[in-house]
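Have a look at the structure below, then the notes.
The values are calculated or read from the model by the stated rules, or taken from the named source; none is laboratory data. Nothing here was measured: the structure is a model prediction, and the numbers come from that model. Please note: Cβ atoms are built from the backbone with ideal geometry, for glycine as well, and neighbour counts cover all protein chains shown. The area values use the complete protein model at the heavy-atom level, side chains included, leaving out ligands, DNA and RNA. Shrake-Rupley method; radii C 1.70, N 1.55, O 1.52, S 1.80 Å.
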Amino acid sequence: MRNFLSTLLTVALLATLVAACDSFVEDVDLPIDSIDDDQLTTEGQVPFLIAGVETRFATTHDRLAAYSDGLSDQFIFDQRVPNATFPSFREIDEGDITFANNSVDGVYNDLGEVRFFADNLLERIAQIEFSDAELKRQAEFTGHFFGGVARYFYATYIALTPRDGGGVINAGPFIPAPQMYDLALEKLNAALGVGTEAQRRAVNTLIARIHLYKGEFDAARTAALNGLQEGDAPFQSRHSVESVNEYWIAAGPGRTQWVCDFRYKALVDADPAEAVRVPLTAITGNDSPPTTFYRQGKYNDRDTPLDFLTWQEGALIVAEVDLRGGDAAGALGRVNQVRASHGLPALAALDMDTLAFEREKEFFASGMRLADQRRFDRWHLGPNTWQFLPITQSERNQNENL
């Protein structure tokens, strides 16, 4: 599916090359595997464009999540682990990330494509006279929703300096995280206007997360209550043998480079029932005597989907806001609702430390830990280390605004 997206990117280039060749090559059949760019702006090509946005979201979500877990205190990089060889992963683990880090550059480019594909979809469908109203609605939702997701990703995971989260759009000036979150909310609110009931619940859960990250707690609670509810399926990124889940290939049986911090083994030893939320798999180190490491056990197949939005997150957002507002009993009820969904016993009491710990376990290996470390002021590396993934050298070289 990565190749599928590459086709979309090269369409305009292929069309240009064909036109150029016409000036000095005659009597040659036109290629049958290319399409003029303007031919994409038709109703018949809209499903292709929608699939392109969704696929690039998947190949971006898993990599941002895995790399941010590597930067957080959740995963570690240790060359005593067999196949742990990437210097770019070591940089991420240590928070000493160079602008030329090729792993970060790859996911940064994917993120730019998500944003471009989503925005470009909206531009194209505005030029199309649709006969299928439902297809038009799906396209509008896709463009607005994933355009919002891309802007959320920039604000949450990318930065200009180690502490200045945010990103750039179309080689423009740097947009700080608070403003980028606002741009995301504009897109997501537009998606609410064209979404189905189920889609609106998913959108509201992401809106709630953004308000929580911005410290807008009342707005976060309201959105979460309108978000995914118990019984709703999670909104996930989907993966395949062609577009493998990054956790499988970077922190799993496909190839183990990241392993879990040793405290997760201690956590499960102390409370074995938590293995349902924090599944671990032992892996023997290549040192002597060998060290036993533990990698995540959530994504054991290359096509395992990755949760992006869940009803449990909404419940924990409401719990956090209620706890901050003094309603410890109400907050405890929400946390225990989440625990019960995993077959875990109820807690007897709740404070902010316990709430943060519940979030850490609930969102294990899902790319959520990094933002929580920043929010709860629990950074584990030195004062000058990166707390985001940097805008890479390729962007800095091309963007005169940086």
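Tell me, please, whether a residue that is over 30 Å from D377 (Cβ atoms) and out of contact with any Phe, Trp or Tyr (no Cβ under 9 Å at 6 or more places or on another chain) can be found in the range 177-186.
no
Check off (1) open to solvent by 30 Å² or more (accessible area, probe 1.4 Å); (2) under 28 Å from E216 (Cα atoms); (3) touching a helix residue (DSSP H, G or I) at 6+ places or on another chain (Cβ under 9 Å) for A331 and give me the number that stays unchecked.
Looking at each condition in turn, A331 falls short on (1).
Which condition breaks for I128 when tested against (1) open to solvent by 10 Å² or more (accessible area, probe 1.4 Å); (2) under 28 Å from Y67 (Cα atoms)?
Looking at each condition in turn, I128 falls short on (2).
Scan the range 308-328 for residues that are out of contact with any Leu (no Cβ under 7 Å at 6 or more places or on another chain), closer than 17 Å to N226 by Cα and either open to solvent by 20 Å² or more (accessible area, probe 1.4 Å) or among the charged types (D, E, K, R) (or both) and jot them down.
Result: Q312, E313, D322.
Condition check: farther than 30 Å from L122 by Cβ, modelled with pLDDT under 95, open to solvent by 40 Å² or more (accessible area, probe 1.4 Å) and not charged (D, E, K, R). Does V276 satisfy that?
Judged against the criteria, V276 is not a match.
Taking the range 379-401, which residues are open to solvent by 10 Å² or more (accessible area, probe 1.4 Å) and either assigned to a helix (DSSP H, G or I) or under 19 Å from A155 (Cα atoms) (or both)?
W379, T385, W386, Q387, F388, Q393, S394, E395, R396, N397, Q398, N401
Matching residues to (1) open to solvent by 10 Å² or more (accessible area, probe 1.4 Å); (2) among the hydrophobic types (A, V, I, L, M, F, W, C):
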{"residue": "I76", "(1), (2)": "yes, yes"}
{"residue": "D93", "(1), (2)": "yes, no"}
{"residue": "A100", "(1), (2)": "yes, yes"}
{"residue": "D105", "(1), (2)": "yes, no"}
{"residue": "D110", "(1), (2)": "yes, no"}
{"residue": "V114", "(1), (2)": "no, yes"}
{"residue": "D119", "(1), (2)": "yes, no"}
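Could you give every pair whose Cβ atoms fall below 7 Å, whose first residue belongs to the range 359-382 and is touching a residue at least 60 places away in the same chain (Cβ under 8 Å) and more than 17 Å from Y299 (Cα to Cα), and whose second residue is open to solvent by less than 20 Å² (accessible area, probe 1.4 Å) and of a type in the set (V, I, T), counting only separations of at least 6 or pairs across chains?
Note: pairs meeting the criteria are A371/T156.
Give me the pairs, please: first residue somewhere in the range 85-96 and of a type in the set (A, V, I, L, M), second residue anywhere and assigned to a helix (DSSP H, G or I), beta-carbon distance under 6 Å, and either six or more positions apart or on two chains.
Going by the 6 Å Cβ cut-off, the qualifying pairs are I92/Y67; I92/G70; I92/L71.
Identify all residues within the range 165-186 that are in contact (Cβ under 8 Å) with a residue 60 or more places away in the chain and surrounded by 14 or more Cβ atoms within 10 Å (Cβ to Cβ); write none if there are none.
G165, G167, V168, F174
Among the helices (runs of 4 or more DSSP H) contained in the range 1-102, which hold 1 or more residues that are at pLDDT below 50, among the charged types (D, E, K, R) and in contact with an Asp or Glu (Cβ under 7 Å, 6 or more places away or on another chain)?
Passing ranges, in order: 2-21.
Restricting to the range 338-358, name every residue that is open to solvent by 20 Å² or more (accessible area, probe 1.4 Å), without any contact (Cβ under 8 Å) to a residue 60 or more places away in the chain and under 19 Å from T310 (Cβ atoms).
A340, F357 - these are the residues of the range 338-358 that are open to solvent by 20 Å² or more (accessible area, probe 1.4 Å), without any contact (Cβ under 8 Å) to a residue 60 or more places away in the chain and under 19 Å from T310 (Cβ atoms).
Only residues that are touching a helix residue (DSSP H, G or I) at 6+ places or on another chain (Cβ under 6 Å), assigned to a loop (DSSP other than H, G, I, E, B) and either small (G, A, S) or more than 27 Å from A273 (Cα to Cα) (or both): list them for the range 367-378, please.
G367
Condition check ((1) within 17 Å of the chain's Cα centre (by Cα); (2) part of a helix (DSSP H, G or I)) across all residues:
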position: Y299; (1), (2): yes, no
position: L316; (1), (2): no, yes
position: V335; (1), (2): no, yes
position: V338; (1), (2): no, yes
position: A349; (1), (2): no, no
position: F357; (1), (2): no, yes
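Restricting to the range 147-164, what's the tally of residues that are open to solvent by 10 Å² or more (accessible area, probe 1.4 Å) and more than 19 Å from S103 (Cα to Cα)?
3
Restricting to the range 273-297, give me the number of residues that are in a loop (DSSP other than H, G, I, E, B) and within 30 Å of the chain's Cα centre (by Cα).
5
Determine the pairs where a residue that is touching a residue at least 60 places away in the same chain (Cβ under 8 Å) and farther than 18 Å from G193 by Cα, located within the range 122-141, has a partner that is of a type in the set (K, R) and open to solvent by 20 Å² or more (accessible area, probe 1.4 Å) with Cβ atoms under 9 Å apart, the partner being 6 or more residues away or on another chain.
I128/K136; F130/K136
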